[in-house]
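A.B. asks: Can you read through this structure? Questions will come right after.
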Amino acid sequence: ATHLVWFRNDLRLHDNYALHAACRNPDAAVIGLFIVTPGQWRQHVMSPKQAGFIFEHLKALGAALAERGITLHIRQVDDFAESLDCVKQFCEQQQVDALFYNYQYEVNERGRDAALEKTLGRDVVCQGFDDSLLLPPGSVTTGNREMYKVFTPFSKAFIKRLHEGLPECVPAPKKRGDAVFHEDFSFDFPREKFDASLFPVGEQAAIAQLRTFCLEPVARYPEQRDFPAIEGTSRLSPYLAIGVLSPRQCLHRLLKEHPKALGGEAGSTWLNELIWREFYRHLMVAYPKLCRHRPFIAWTDKVRWNDDIKMLEAWQQGKTGYPIVDAAMRQLNETGWMHNRLRMVVASFLVKDLLIDWRQGEHYFMSQLIDGDLAANNGGWQWAASTGTDAAPYFRIFNPTTQGERFDAEGDFIRHWLPELAGVPGKQVHTPWGWAEKQQQTLDYPRPIVDHKQARIATLEAYEAARK
Ligand code: FAD
């Protein structure tokens with residue numbers, strides 16, 4: 001028999017349900033396939049950094065699979081619709097009997113997979129797996145079998161389910177012969193270099209990072225996670241986003257080091273973040289409109305957004321005159337990653353200080369993030385814009401200056417990313433123009449593009465008008 005594994009967002013050997021199932025029969029020949037879909041990626045606004053990250057991980061995966069006797073084939077078509085014909089042809093050429101794949105939960109991906117079995121007909125048996133989540137969508141519901149709309153009860157129910165039984169990790173496949181991998185593939189999609197010292201390539205590197213994080217830092221996470229100048233978070237998001245690492249690996253490693261994390265002790269705060277990831281994915285399946293750029297709270301669509309392109313560009317380029325916002329945007333533009341506290345700060349600033357449509361921010365983030373993930377990004381933006389489930393209430397508006405003062409008190413993060421403010425001493429860096437004027441100096445740094453107090457009032461009015 002010939003078994004095909006169609007890899008998508010699961011670029012790993014370990015704990016990969018589809019790969020594991022395909023390898024269960026020791027006599028079957030197992031081959032892998034990955035289909036590059038530049039047109040679809042453009043439509044989904046994939047960032048060139050994420051494309052670069054995928055590219056490097058395909059090379060690593062191809063080599064690792066070849067060592068175990070599994071050849072990874074790479075094909076390129078334009079979009080998901082064409083990928084179905086590509087799979088069909090591939091199955092015919094290779095005389096595939098069974099196809100194994102892990103589910104993806106976004107609307108276009110689900111549409112593609114729903115059409116898959118029809119395209120392949122009866123000759124190829126298809127098997128899909130819930131692999132990228134700890135618990136499958138629809139499995140954690142209220143007494144009325146509905147999806148939770150509030151995170152805390154979801155999280156409680158989720159942990160209760162984990163107490164009843166943990167999702168198992170499956171091993172990497174054993175060596176089953178020899179195979180070669182042809183490395184000379186390419187993408188017709190822009191690829192950008194990413195900093196491999198921040199995000200080293202390969203499954204082993206991701207596992208090593210997870211292990212180190214779960215040893216010690218995870219216990220300090222509750223105190224450190226809000227301070228961007230400290231390496232207080234795991235930085236595993238790029239690996240989770242493209243499936244170089246599974247959430248089950250994270251859970252099991254966490255529990256190995258901190259067995260009481262499920263009971264609310266050391267490690268539980270980090271576990272809670274993994275559950276946020278699940279929450280947004282479960283929501284996306286329960287409410288497909290979230291994939292279609294619709295807000296969860298319908299009235300928020302009536303907010304009259306500001307379409308000032310210059311303001312949007314100032315935000316994108318990190319030139320708003322608010323140091324913490326600008327430093328964060330430069331971190332994003334340079335590395336493809338941004339600290340979670342700062343994602344909340346810059347998102348709030350775009351929506352509630354500039355009154356720009358959150359979808360512009362969601363779109364820009366996707367175009368830059370190395371960890372771009374539709375559910376988490378959409379969830380984060382709708383949270384910040386107060387348009388989502390269990391979002392910040394619309395009248396809660398971060399003050400960008402005090403956020404900087406609280407979470408980057410000494411200004412170390414700001415000075416790192418804004419060298420033009422390197423000479424502004426101590427805490428003055430949060431209000432550099434106030435300092436410069438006293439010193440009768442001028443700065444090579446913009447003045448604030450809006451007045452926060454006035455902007456806040458205008459935003460409250462705009463939301464209240466929409467709510468009427
Ligand atoms: P850690 O703090 O170590 O958390 C561990 C893992 O839990 C993360 O890697 C991530 O997979 C998950 N996680 C943590 N926080 C969240 C959260 N709030 N929502 C969902 N999952 C979470 N995360 C993405 O992976 N991709 C995105 O495109 C994305 N866009 C965001 C946009 C906005 C506006 C906001 C506010 C948040 C966004 N997040 C996104 C969530 C969060 O900021 C990142 O997951 C986190 O900063 C990644 O760093 P880390 O791996 O060190 O996280």
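The values are calculated or read from the model by the stated rules, or taken from the named source; none is laboratory data. Nothing here was measured: the structure is a model prediction, and the numbers come from that model. Glycine also receives a Cβ, built like all others from the backbone with ideal geometry; neighbour counts cover every protein chain displayed. For the accessible areas, the whole protein counts, side chains as well, though only heavy atoms, and no ligand, DNA or RNA atoms are used. Shrake-Rupley method; radii C 1.70, N 1.55, O 1.52, S 1.80 Å.
A.B. asks: Take the Cα coordinates of the stretch 343-468, assign each an equal point scatterer, and use the Debye formula without solvent to give log10 I(q)/I(0) at q = 0.12, 0.14, 0.15, 0.17 Å⁻¹.
C.D. replies: Here log10 of I(q) over I(0) equals -0.54, -0.72, -0.81, -0.97.
A.B. asks: Once the stretch 5-86 is represented by equal point scatterers at the alpha-carbon sites, with solvent omitted, what log10 I(q)/I(0) does the Debye formula produce at q = 0.11, 0.17 Å⁻¹?
C.D. replies: -0.31, -0.72
A.B. asks: Assuming R0 = 22 Å, what is the FRET efficiency of Thr401 and Ile230, from their Cβ-Cβ distance, to the nearest 0.05?
C.D. replies: The formula returns an efficiency of 0.60 here.
A.B. asks: Now a separate question. Along the charge dipole of the stretch 239-305, Cβ charges K/R +1 and D/E -1, which of Pro295, His252, Phe279 sits furthest on the positive end?
C.D. replies: Value: Pro295.
A.B. asks: Further, regarding this structure: Roughly how many percent of the accessible protein surface of the stretch 1-153 is carbon and sulfur, given a 1.4 Å probe and a whole-percent answer?
C.D. replies: 45
A.B. asks: What does the accessible area per residue of the chain come to in Å², with a 1.4 Å probe and no ligands, DNA or RNA counted?
C.D. replies: Accessible area per residue: 44 Å².
A.B. asks: On a 1.4 Å probe surface of the protein chains, which of Lys149, Lys289, Lys310 comes out largest in accessible area, and what is the full order? Before the final figure, lay out the partial values.
C.D. replies: Working: Lys149 90, Lys289 70, Lys310 150 Å².
Correct descending sequence by accessible area is Lys310, Lys149, Lys289.
A.B. asks: What is the extension gain from Cys86 to Ile297, computed as 0.36 nm multiplied by their sequence separation minus the C-alpha to C-alpha distance, in nm to one decimal?
C.D. replies: 72.0 nm
A.B. asks: So, one more: Eigenvalues of the Cα gyration tensor times 5, then square-rooted: what semi-axes does that give for the chain, in whole angstrom, largest first?
C.D. replies: Value: 41, 24, 23 Å, ordered largest first.
A.B. asks: Further, regarding this structure: At a 1.4 Å probe radius, carbon and sulfur cover how many percent of the accessible area of the stretch 343-452?
C.D. replies: About 52 percent, which is the carbon plus sulfur part of the accessible surface.
A.B. asks: Can I ask one more? I'd like the Karplus ³J(HN,Hα) series for the stretch 212-229: coefficients 6.51, -1.76, 1.60, θ = phi - 60°, whole numbers in Hz, and an x wherever there's a Gly or Pro.
C.D. replies: Taking θ as phi minus 60°, the curve returns 4, 5, 6, 5, 10, x, 4, 6, 8, 3, x, 7, 9, 5, 8, 10, x, 6 Hz for the stretch 212-229.
A.B. asks: Viscosity 0.890 mPa s, temperature 25 °C: what is the translational diffusion coefficient of the stretch 143-273 from Stokes-Einstein with a Kirkwood Rh over Cα pairs, rounded to a whole number of µm²/s?
C.D. replies: On the way: Rh = 17.5 Å.
Rounded, D is 140 µm²/s.
A.B. asks: Let me ask something additional. With a Förster radius of 51 Å, plug the Cβ-Cβ distance of Lys453 and Asp130 into 1/(1 + (r/R0)^6) and report the FRET value to the nearest 0.05.
C.D. replies: 0.60
A.B. asks: Here's another thing I want to ask about it. Based on DSSP H runs of at least 4 residues, each adding -39500 (n - 2.57), what is the mean residue ellipticity at 222 nm of the chain after dividing by all its residues, to the nearest 500 deg cm²/dmol?
C.D. replies: Calculated mean residue ellipticity at 222 nm is -14500 deg cm²/dmol.
A.B. asks: Please list, ordered by chain and number, the residues whose modelled amide H lies under 5 Å from the amide H of Ala179; skip anything fewer than 5 residues away on the same chain.
C.D. replies: When sequence neighbours closer than 5 places are left aside, the close amide H contacts are Gly69.
A.B. asks: Going 7 Å from the Cα of Trp305 toward and past its Cβ, which residues in the stretch 264-298 have a backbone nitrogen under 16 Å from where you end up?
C.D. replies: Residues 290-298 fall inside that zone.
A.B. asks: Next question. Give me the log10 of I(q) over I(0) for the stretch 220-320 at q = 0.14, 0.24 Å⁻¹, as the Debye formula computes it from C-alpha points; what are the numbers?
C.D. replies: The Cα Debye sum returns log10 ratios of -0.84, -1.20.
A.B. asks: Another question about this same structure. Distance in nm between label sites at Arg42 and Asp184, each 7 Å beyond Cα in the beta-carbon direction?
C.D. replies: Inter-label distance under the simple model: 2.7 nm.
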